[in-house]
Amino acid sequence: SEREGQQPAQKPVKDWTPTLEDYVHFLTDSLAVYETMELIVNTYPELEIFRNTGLERVQALKDDLQWITNSYNPSLSIPPVGEPGSSY
């Protein structure tokens, strides 16, 4: 029985299980976003406080993409940046 004021649990609209290919797309889009952020931070002197903080991700994302597509699953390739990455 439901308690007063509680709603029944909602079921997701549809189940979705991401694939390795989906993850590679996510990493590619993330790389585009982080490259842009790092370019902006490194371009404007007033953003210098955000440089070399340890939060930089570009090289790590490049390394992950290379490892996944070269070693882990060579049948995958790095896709072009998708709409989510380019619009963000």
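The values are calculated or read from the model by the stated rules, or taken from the named source; none is laboratory data. Keep in mind that this is a model prediction, so the values were computed, not measured. Heavy atoms of the whole protein, side chains included, go into the accessibility calculation; ligands, DNA and RNA do not. Shrake-Rupley method; radii C 1.70, N 1.55, O 1.52, S 1.80 Å.
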Using the structure shown, decide if L65 is in a helix (DSSP H, G or I) and either open to solvent by less than 80 Å² (accessible area, probe 1.4 Å) or hydrophobic (A, V, I, L, M, F, W, C) (or both).
yes
Matching residues, the range 44-61, being open to solvent by 80 Å² or more (accessible area, probe 1.4 Å) and not aliphatic (A, V, I, L, M)
Y44, P45, E46, E48, F50, N52, R57, Q59
